[in-house]
Amino acid sequence: MQEVFTFALLFSSIRLATPLIFAALGGLFSERSGVINIALEGMMLAGAFTAAVVTFEYQSAFLGFLSALMAGAFVGVVYALCVIRFEANQVVTGFAINLLMLGLPQFLSGAIYDSTGSTPQIPKEHLLPQFFNNVSIASILAFALIPICWYVFYKTPFGLRLRAVGENPEAADAAGVDVTRLRYTAVIISGILAAAGGAYLSIGQSSLFTRGMTAGRGFIALAALILAKWRPVPVLFACLFFGFTEALSFQIQGIIKLPSGEDIPVQFIQIIPYVLTIIVLAGFIGLSRPPKALGIPYRKE
Amino acid sequence: MLKLGEKVLREIYLILIAVLASFLVGGIVVFLVGEDPFNVYWILLSNALGSTKDICYTLFYATPLIFTGLSVALAFRCGLFNIGAEGQLYVAAFATAWVGITFGGVFVEVAGRKENWSWLDLPSFLLIPLCILTAMVAGGFWGAIAGFLRARFGASEVINTIMLNFIGIALAGYVTQYHYRIPGDPILQTAPISQKAHIPQLNEYFSFIPKDVPLNFSFLIAILMCALVYIFLWRTKWGYELRCVGENPSAAEYGGISPKKQIVIAMTISGALAGMVAIGEVLGDRHRYFHDFSGEVGFLGIAVALLGRNHPLGVLLASIFFAILIRGEIFVDAFTRYISKDIGLVLQAIVILFVACMEKYSKR
């Protein structure tokens with residue numbers, strides 16, 4: 001057992017939790033304002049692809065990261081236009097964005113590099129800087145964002161309005177809050193944060209973009225958000241826990257065996273976040289209730 | 001109030017606009033990449049519809065989409081979002097392959113000697129119906145879980161079906177990897193199912209269908225299901241009750257219909273429809289469970305239902321439309337310098353975005 005639960009596992013958990021924290025915080029902004037965000041996965045992919053291309057072309061991780069944020073904001077604007085301006089179904093639109101981002105990066109990469117498999121490898125010195133135990137600067141940023149988001153949500157007028165709009169947009173409107181504008185802002189922030197998580201994947205944890213490289217992390221982030229009952233500080237713990245399960249699934253391979261001598265199937269560890277989400281949603285471990293106005297377009301009377 | 005005919009015309013009109021608009025946007029993207037959009041679309045359409053062989057291939061690709069489209073549409077008629085077709089069809093495909101091996105008298109060669117992997121050796125006329133039933137039951141069960149959780153605990157079926165997708169795919173991968181893969185096979189797939197479980201290819205019956213087209217009996221089942229879903233929804237009491245819950249749950253309850261019961265029923269049928277993808281895939285085409293076989297058809301079912309206005313006839317037409325893109329993209333990839341087959345995925349996504357944004361205008 002000692003070989004498994006080491007400091008290496010802890011740092012590995014932190015690394016794997018990083019993209020989840022960004023994306024889950026992104027989801028937090030959008031969903032607390034009343035807009036479902038299933039498009040997190042697509043927003044992450046947009047960020048990951050943009051970061052990989054810009055970092056490779058300009059040899060600057062900083063520029064790459066910044067353009068990823070811009071790409072995320074852009075996807076956020078598209079998503080917001082569809083679901084707020086045109087009142088398109090949020091679940092359908094979210095999935096369309098995910099589908100688009102599964103195809104578009106490949107499409108562009110095929111056109112730019114004549115290779116749809118992946119973007120070119122970025123030399124190690126141009127990736128996001130790392131500190132001891134390979135903890136990236138992005139991980140530090142992700143952890144710093146937790147208290148910042150907590151402050152924004154609970155100590156600023158913007159946060160108060162955001163929560164109000166997600167619970168009762170009519171009342172917020174009557175109190176003089178511009179519901180539409182606030183939701184646009186929230187969804188765009190959501191895109192930026194999710195894209196930051198994606199950028200970490202391609203220019204922090206890895207050194208290129210591959211097809212669908214988020215591998216469902218947008219949905220795990222959504223799961224973390226539900227487990228955290230749509231609150232910023234618990235989001236950190238939910239993401240760390242999911243990062244830990246992922247790290248564990250890498251770590252135990254070939255080390256811990258079942259009494260029968262077989263490996264523990266990784267699949268059983270991989271499904272923990274999903275099973276847990278179902279249990280929490282059913283109300284077996286405290287009730288997790290979404291914001292009241294989640295998914296309902298707001299039409300001014 | 002618009003008359004029914006006018007309403008239908010208006011919907012068709014809006015969908016055509018959405019499709020044209022997305023081809024326009026796609027064309028601009030193609031132009032920016034440095035290719036001639038007209039040429040690209042010509043390659044796409046002529047290779048998807050240009051000959052009997054092409055059309056048969058397109059119908060082959062349309063088959064799973066018809067099932068998943070009907071699945072999503074039926075759930076939607078009850079006011080539910082089944083995002084779980086992908087997981088349901090994976091679970092069903094594995095279960096079907098399992099029955100096709102276990103009850104088909106299958107021997108597998110392991111380390112030079114034949115090993116019996118089956119319990120029974122059923123004849124075709126029992127094995128095929130059993131496999132089809134398994135596909136429906138397994139998919140239906142996976143759908144019913146989300147329905148039950150929604151009915152009993154009020155838990156969002158959207159989130160639960162997403163989670164069940166990951167769980168179902170992981171579990172199917174696990175049993176394949178650890179128990180039903182032929183030892184030494186580098187590909188994550190089960191052993192082949194019994195020959196007796198194979199359903200007929202359509203070219204055995206229709207001489208105009210070229211020999212090498214994998215269009216099989218499941219296509220006819222898909223058409224039949226379109227008709228059955230229509231009859232169920234609009235010609236039976238059960239379908240009426242299901243639609244009542246979709247339109248107004250509290251009014252339905254006041255009228256003596258239990259929304260909870262309808263929700264479980266709808267998710268079960270929806271899952272069973274998604275599970276029927278396994279008929280074409282496992283019994284008709286690949287003859288085994290192959291992990292990662294789906295290529296997003298479960299998710300495209302959402303698009304098909306949306307474009308087909310949750311009506312079986314619409315689902316049929318929309319499936320063919322998406323199948324044209326799936327078939328044509330392969331040739332665009334081969335015959336152009338800069339355009340990869342991902343153009344199909346991009347076009348599909350843009351169509352969904354446009355249709356979703358236009359729904360607002362069709363309701364008026």
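Identify the single condition in (1) within 14 Å of chain A (Cβ to nearest Cβ); (2) part of a loop (DSSP other than H, G, I, E, B) that residue B:192 does not satisfy, given that it satisfies every other one.
Answer for residue B:192: the failing condition is (1).
Any residue at all in segment B:159-174 that's more than 14 Å from chain A (Cβ to nearest Cβ) and in contact with a Ser or Thr (Cβ under 7 Å, 6 or more places away or on another chain)?
Kept after step one, since they are more than 14 Å from chain A (Cβ to nearest Cβ), are these residues of segment B:159-174: none.
So far as segment B:159-174 goes, no, none of its residues is more than 14 Å from chain A (Cβ to nearest Cβ) and in contact with a Ser or Thr (Cβ under 7 Å, 6 or more places away or on another chain).
Which one of the conditions (1) assigned to a helix (DSSP H, G or I); (2) in contact (Cβ under 8 Å) with a residue 24 or more places away in the chain; (3) at the interface with another protein chain (Cβ under 8 Å from one of its Cβ atoms) does residue B:328 fail to meet, given that it meets all the rest?
Checking residue B:328 against (1) assigned to a helix (DSSP H, G or I); (2) in contact (Cβ under 8 Å) with a residue 24 or more places away in the chain; (3) at the interface with another protein chain (Cβ under 8 Å from one of its Cβ atoms), the one that fails is (3).
Checking the condition of a type in the set (Gly, Ala, Ser), in contact with a strand residue (DSSP E or B) (Cβ under 9 Å, 6 or more places away or on another chain) and either more than 14 Å from every other protein chain (Cβ to nearest Cβ) or closer than 30 Å to residue B:307 by Cα (or both), which residue from A:118, A:136 passes? Spell out how you get there, then give the answer.
Details: A:118 fails: either more than 14 Å from every other protein chain (Cβ to nearest Cβ) or closer than 30 Å to residue B:307 by Cα (or both).
Exactly one residue qualifies, and that residue is A:136.
Got a sec? Which of A:88, A:138, A:111 is over 21 Å from the mean Cα position of the chain (by Cα) and buried (at least 24 other Cβ atoms within 10 Å of the Cβ)?
A:88
May I ask you to verify whether residue B:301 is on the phi > 0 side of the Ramachandran plot and of a type in the set (Gly, Ala, Ser)?
Numbers: on the phi > 0 side of the Ramachandran plot: no; of a type in the set (Gly, Ala, Ser): yes.
Judged against the criteria, residue B:301 is not a match.
Residue by residue through segment B:337-364, note down the ones that are under 20 Å from residue B:36 (Cα atoms) and part of a helix (DSSP H, G or I).
Quick first cut of segment B:337-364, residues under 20 Å from residue B:36 (Cα atoms) only: B:337-348, B:350.
If the condition is that a residue be under 20 Å from residue B:36 (Cα atoms) and part of a helix (DSSP H, G or I), then B:342, B:343, B:344, B:345, B:346, B:347, B:348, B:350 are the ones that fit.
Hey, residue B:256 hits all of (1) in a loop (DSSP other than H, G, I, E, B); (2) within 14 Å of chain A (Cβ to nearest Cβ) but one; which does it fall short on?
If we test residue B:256 against (1) in a loop (DSSP other than H, G, I, E, B); (2) within 14 Å of chain A (Cβ to nearest Cβ), just (2) comes out false.
Please indicate, with yes or no, whether at least one residue in segment B:119-132 is under 22 Å from residue B:74 (Cα atoms), more than 10 Å from chain A (Cβ to nearest Cβ) and touching a residue at least 12 places away in the same chain (Cβ under 8 Å).
The first filter runs over segment B:119-132 and keeps only residues under 22 Å from residue B:74 (Cα atoms), leaving B:132.
Restricting the remaining residues to those that are more than 10 Å from chain A (Cβ to nearest Cβ) gives B:132.
Filter once more, so that each one left must be touching a residue at least 12 places away in the same chain (Cβ under 8 Å): B:132.
The answer is yes, given that some residue of segment B:119-132 is under 22 Å from residue B:74 (Cα atoms), more than 10 Å from chain A (Cβ to nearest Cβ) and touching a residue at least 12 places away in the same chain (Cβ under 8 Å).
If I ask for residues that are of a type in the set (A, V, I, L, M), in contact (Cβ under 8 Å) with a residue 60 or more places away in the chain and crowded, with 24+ Cβ neighbours inside 10 Å, which ones from segment A:91-107 would you list?
Taking segment A:91-107 as the starting set, the residues that turn out to be of a type in the set (A, V, I, L, M) are A:91-92, A:96-97, A:99-102, A:104.
Imposing the further condition that a residue be in contact (Cβ under 8 Å) with a residue 60 or more places away in the chain reduces the set to A:91, A:101-102.
Hit for segment A:91-107 is A:101, nothing else.
Pick from A:184, A:151, A:200: which is of a type outside the set (Gly, Ala, Ser), surrounded by fewer than 17 Cβ atoms within 10 Å (Cβ to Cβ) and assigned to a helix (DSSP H, G or I)?
A:151 is the lone residue from the list that is of a type outside the set (Gly, Ala, Ser), surrounded by fewer than 17 Cβ atoms within 10 Å (Cβ to Cβ) and assigned to a helix (DSSP H, G or I).
In segment B:147-158, what residues are among the aliphatic types (A, V, I, L, M) and within 7 Å of another protein chain (Cβ to nearest Cβ)?
So in segment B:147-158, the residues among the aliphatic types (A, V, I, L, M) come out as B:149, B:151, B:155, B:158.
Correct list: B:149, B:155, B:158.
Take the conditions among the aromatic types (Phe, Trp, Tyr), part of a helix (DSSP H, G or I) and surrounded by fewer than 17 Cβ atoms within 10 Å (Cβ to Cβ) and apply them to residue A:79. Does it pass? Reasoning before the result, please.
On the way: among the aromatic types (Phe, Trp, Tyr): yes; part of a helix (DSSP H, G or I): yes; surrounded by fewer than 17 Cβ atoms within 10 Å (Cβ to Cβ): no.
No.
The numbers here are math on the coordinates, done by the rules we state, and not lab data. Computed from a predicted structure; not experimentally measured. Heads up, the Cβs are rebuilt from the backbone with ideal geometry, glycines too, and the neighbour counts pull from every protein chain shown.
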